[in-house]
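Let me begin by presenting the structure, written as structure tokens, before commenting on it.
Just so it is clear, none of the values below were taken in a lab; they were calculated from the coordinates. Values in this document were obtained by computation on a predicted structure and should not be read as measured data. Don't worry about glycine lacking a Cβ; one is built from the backbone with ideal geometry, like all the others, and counts go over all protein chains shown.
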Amino acid sequence: MIKHQVYISPNEVKVDGKTLTHNEKGSALLTELYRNNIGDYPKFFKMDTLSKLGFIASELLLNAEGDRVFEPREDRAVIFFNRNASLQADTHYQSTIQNPENYFPSPAAFVYTLPNIVTGEIAIRNKYFGETSFMVIDDFDEKIIMKNLENAFQDPITKSIIGGWVDCSDEEHFEAHIFLMEKDN
Amino acid sequence: MIVKVSDNIISPLGTTSAENYAKVKADISALRRYDGLWGLPEPFFASLLDRDAYADDRHTIDEKIVIDSISKSLERTEIDTTWTKVLFIISTTKGNVFLLDERENGYPKERVRLGMMAREVTKHFGNPNEPIVVSNACISGVCAQIEAMRYLESGEYDYVIVCGVDVQSAFIVSGFQSFKALSQEACKPFDAHRCGLNLGDAAATIIYTRKDKVDDNEWVACRGAIRNDANHISGPSRVGEGSFRALRVALGDLDPSELAFINAHGTATPYNDEMESIAIERAGLAGIPVNSLKGYYGHTMGAAGVLETIISMQAVDDHNILATRGFDTLGVTHSLDVTNHNRYTEKHAFIKLLSGFGGCNAALLMAKGGLQ
Amino acid sequence: MDELIYKLKQQIIEALNLEDMKPEDIDDNASLFGEGLGLDSIDALELIVMMEKNYGIKLQDPAQGKEIFKSVAVMADFIAKNRTK
């Protein structure tokens with residue numbers, strides 16, 4: 001059962017269907033959302049765009065859930081889907097090795113060339129020891145995503161999932177549509 | 001129960017599961033040193049396929065070895081891949097990423113998208129369903145099998161074809177070099193002198209189905225779990241939190257003495273192997289033989305979880321616990337029973353363990369004939 | 001030396017995306033890792049790349065970084081003695 005949902009695009013933010021007012025667009029929007037809603041997690045600025053997007057969306061989702069407790073838990077999973085995997089980070093890392101005259105492979109860029117890092121960032125922030133997973137399908141398909149998330153409740157411990165779609169092709173083009181789901185009794 | 005129908009491995013050691021297992025059993029490794037390959041300034045050790053033998057005008061090497069591996073797995077089965085009840089799950093970390101290189105212009109750039117790469121595969125087999133790509137760093141191969149188990153358990157599909165693949169490139173090798181994670185020689189899992197990992201190319205396929213009853217010689221995927229360390233995006237947990245928790249779920253109520261071995265991730269980086277030793281000890285499995293296959297194949301990334309599950313099944317079929325190539329003196333703090341020679345076993349079950357960037361960990365319990 | 005230290009602080013802030021920090025916020029002798037700036041293992045690797053890129057210093061053994069990255073002052077001293085550009 002879906003408890004809360006968050007939608008973020010370069011020019012629109014909605015929490016549980018209600019529009020959140022903002023001044024900025026694109027990458028600046030993510031920074032604005034960070035400053036207005038979080039503000040005390042400087043690791044945010046080290047993240048690639050996919051992680052920033054998923055992190056902000058999850059923060060808005062969890063703020064909607066109520067008072068934040070950062071107690072360790074294993075019964076909440078983080079499972080995302082998207083189209084472009086880690087393309088923005090991949091392109092950025094490739095730029096550090098493309099030119100043999102200016103070849104300085106960046107470890108901080110390379111670590112984000114895995115789409116599942118965003119699920120790890122959310123697990124670290126919230127002390128979630130539960131399942132984290134990332135899958136890619138070439139087009140957004142709500143049926144496939146919802147069926148997959150329902151399947152994830154087959155895990156004997158998982159009772160709740162932060163799941164959905166978190167996609168970005170470059171720093172200015174992104175879309176997140178994520179849910180907080182609880183297992184039906 | 002979720003039962004294995006068929007499998008295949010395409011690697012530098014061979015193009016069938018049996019051929020691969022025979023090479024590993026005979027202590028043959030495909031790891032060798034490469035100097036100046038792909039214009040990389042530093043030399044590296046890796047297990048690489050002959051690129052020219054695979055890639056063609058239509059398909060990249062990643063796509064080609066996936067298609068070949070799945071085709072070989074389908075031989076001697078009744079499965080018609082055009083059925084709607086057949087799902088394809090591809091497991092990969094960096095499939096087709098070499099297409100990002102500006103100098104690469106042989107294939108459409110959109111094929112760098114994993115979903116497009118997977119569609120090339122389902123198109124080839126005439127499958128009508130959207131393929132799922134699992135891209136969960138180095139644990140993808142076990143995650144893909146867990147996804148397959150769930151799709152079969154839910155009744156949505158009757159057959160799931162899981163194929164793991166990764167092919168090395170300047171992108172991946174330079175990245176691991178920037179992390180100072182690559183060894184300049186053949187890797188030494190769990191050894192006191194281990195100094196990093198080697199990378200490898202492979203595609204590996206397992207086809208699963210659902211059955212009410214199984215024969216003694218049929219392989220059953222019993223339980224799997226994915227857990228996070230919630231600690232750091234690149235460094236493994238110092239207390240083995242995620243691997244410990246994944247192991248605990250995979251083991252369930254099984255008596256650990258039923259296990260022939262734990263096939264560990266065993267990448268031979270100082271931190272990974274130490275973390276696994278802590279997790280295995282915490283899960284009460286310190287007495288169980290442990291091995292790693294990285295000394296034969298290197299780390300095959302998205303293929304690793306599938307390939308290493310297949311080799312481990314072959315080993316149990318052969319009553320064998322495989323040696324850990326490169327291992328000599330134990331170099332982790334907990335006294336694991338790491339194998340350094342092939343050993344006889346009569347047991348029928350094993351656990352495949354993996355961990356990866358993003359703090360993720362996965363464990364899968366496989367049992368021949370199912371659990372009693 | 002003061003000029004190098006100031007420049008180095010700017011380069012560290014840029015290389016490690018320390019968005020809300022200014023060179024003035026970093027104490028010359030404060031520890032970069034753990035307490036202090038709170039940098040982690042990826043930051044250490046990135047500083048190794050930064051030293052190679054800007055000063056032509058190649059660290060073969062990442063463990064060497066532990067000594068060099070003690071503080072900005074220690075780092076500046078090492079760079080002054082070993083730089084090739």
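Peptides B:108-114, B:359-365, B:153-159, A:126-132 ordered by packing proxy, namely the average of other Cβ atoms within 10 Å per residue, highest first: B:359-365, A:126-132, B:108-114, B:153-159.
Using all pairs of distinct alpha-carbon atoms, the Kirkwood hydrodynamic radius of the protein assembly as shown works out to 24.8 angstrom.
Where in chain C are the helices, taken as whole DSSP H runs, whose Cα atoms extend 24 angstrom or more along the long axis and whose Kyte-Doolittle mean reaches at least 1.6? Intermediate values should be presented prior to the final figure.
Values: long enough: none.
Passing helices, by number: none.
In a Debye calculation with equal point scatterers on the alpha-carbon sites of segment B:1-125 and no solvent, what is log10 I(q)/I(0) at q = 0.10, 0.18, 0.21 Å⁻¹? Computed log10 I(q)/I(0) values: -0.40, -1.17, -1.38. Take the Cβ atoms of B:Leu371 and B:Asp328, set R0 to 35 Å, and the FRET efficiency comes out at 0.50. Legend: P(r) of chain A from all alpha carbon pair distances, 10 Å bins from 0, whole percents, reading 10, 37, 36, 14, 3, 0, 0.
The protection proxy used here, the mean number of other Cβ atoms lying within 10 Å of each residue, ranks peptides B:309-319, C:64-74 as follows, highest first: B:309-319, C:64-74.
The amide H of B:Val290, built 1.01 Å from its N in the peptide plane, has B:Ile262, B:Asp337, B:Val338, B:Thr339 as neighbours under 5 Å, considering only residues 5 or more places off or on other chains.
Taking neighbour Cβ counts within 10 Å as the exposure measure, how do C:Met50, C:Met75 sort from fewest upward?
On the way: C:Met50 20, C:Met75 23.
Fewest-to-most Cβ neighbours within 10 Å comes out as C:Met50, C:Met75.
Out of all Cα-Cα pairs in chain B, roughly what percent, to the nearest whole number, are more than 33 Å apart? Every Cα pair in chain B considered, those over 33 Å come to 22 percent.
Residues within the reach of a label modelled at C:Asp25 (point 7 angstrom out along Cα to beta-carbon, backbone nitrogen below 18 Å), restricted to segment A:37-55, are A:37-47. With no solvent and one equal point scatterer per Cα, compute the Debye intensity ratio I(q)/I(0) for segment B:119-222 at 0.11, 0.21, 0.24 Å⁻¹ and report its log10, rounded to two decimals. Log10 of I(q)/I(0), two decimals: -0.52, -1.14, -1.34.
From most to least packed by mean Cβ count within 10 Å, the peptides A:162-171, A:91-100, A:63-72 give A:162-171, A:91-100, A:63-72.
Which whole-number percent gives the relative contact order of segment B:219-368, counting Cα pairs below 8 Å spaced six or more residues apart?
Details: 328 pairs, mean separation 58.2, N = 150.
Reported as a whole number, the value is 39 percent.
In the frame of its principal axes, segment A:86-185 has Cα extents of 61, 29, 19 Å, reported largest first.
On the beta carbon distance between B:Lys213 and B:Trp83, with R0 = 22 Å, the FRET formula returns roughly 0.45. Between 0 and 90 degrees, the angle of helix A:49-65 with respect to the longest Cα principal axis of chain A falls at about 20 degrees. Across segment B:2-210 the C-alpha pair distances fall into 10 Å bins from zero in the proportions 8, 33, 36, 19, 5, 0 percent.
For segment B:227-282, would you read off the P(r) tail past 17 Å as a percentage of all alpha carbon pairs? Spell out each step's value before the answer.
On the way: 558 of 1540 pairs.
Counting every Cα pair in segment B:227-282, those more than 17 Å apart make up 36 percent.
Ranked for footprinting exposure by Cβ neighbours inside 10 Å, fewest first, B:His193, B:His348, B:His265 give B:His193, B:His348, B:His265. Taking a threshold of 20 Å on the Cα-Cα distance, which of the pairs A:Lys147/B:Lys64; B:Lys64/B:Lys94; B:Lys4/B:Lys85; A:Lys14/A:Lys52 fall above it? Over 20 Å Cα-Cα: A:Lys147/B:Lys64.
Counting only the Cα atoms, segment C:2-82 fills a convex hull of 83 Å³ per residue. Computed 3J(HN,Hα) for segment B:179-187, one whole-Hz value per residue from the Karplus formula 6.51 cos²θ - 1.76 cosθ + 1.60 where θ = phi - 60°, is 7, 6, 9, 8, 7, 7, 9, 4, 5, glycine and proline marked x.
Suppose a student asked you for the relative contact order of chain B, using Cα pairs under 8 Å spaced at least 6 residues apart; what percent would you report?
Working: 972 pairs, mean separation 88.0, N = 372.
24 percent.
Between B:Asp57 and A:Asn11, the distance separating the two model label sites (each 7 Å from Cα on the Cα→Cβ line) works out to 4.4 nm.
Computed extension length for A:Lys159-A:Asp75: 29.7 nm, one decimal, from 0.36 nm per residue of separation with the Cα-Cα distance subtracted. When restricted to Cα atoms, segment B:219-368 yields an Rg and a Dmax of 13.7, 40 Å, respectively. When shorter helices are ignored and each DSSP H run of at least 4 residues is given -39500 (n - 2.57), the per-residue value for chain B at 222 nm works out to -8000 deg cm²/dmol.
Peptide B:175-183 shows a mean partner chain C-beta count of 6 within 10 Å per residue C-beta. Membrane-span-like helices in chain B, defined purely by DSSP H runs whose alpha carbon atoms cover 18 Å or more axially and whose average Kyte-Doolittle hydropathy reaches 1.0, are B:304-317.
In peptide B:127-136, how many Cβ atoms from other protein chains are near each Cβ within 10 Å, on average?
On the way: counts 0, 0, 1, 6, 3, 6, 8, 5, 10, 11.
For this peptide, the per-residue mean of nearby foreign Cβ atoms is 5.
Rounded to the nearest 10 degrees, the inclination of helix A:26-37 to the longest alpha-carbon principal axis of chain A is 50 degrees.
Taken residue by residue and averaged, Cβ atoms of other chains lying within 10 Å of the Cβ of A:133-144 number 6.
Based on the Cβ-Cβ distance of A:Thr21 and C:Val74, what FRET efficiency does E = 1/(1 + (r/R0)^6) give at R0 = 41 Å, to the nearest 0.05?
Using R0 = 41 Å, I get an efficiency of 0.30.
In terms of other Cβ atoms within 10 Å, B:Val239, B:Val338 run from fewest to most in the order B:Val239, B:Val338. Rounded to the nearest Hz, the phi-derived 3J(HN,Hα) couplings of segment A:132-149 under the Karplus curve 6.51 cos²θ - 1.76 cosθ + 1.60 (θ = phi - 60°) are 10, 8, 9, 10, 10, 10, 6, 9, 4, 9, 4, 4, 4, 5, 5, 4, 5, 5, where x marks glycine and proline.
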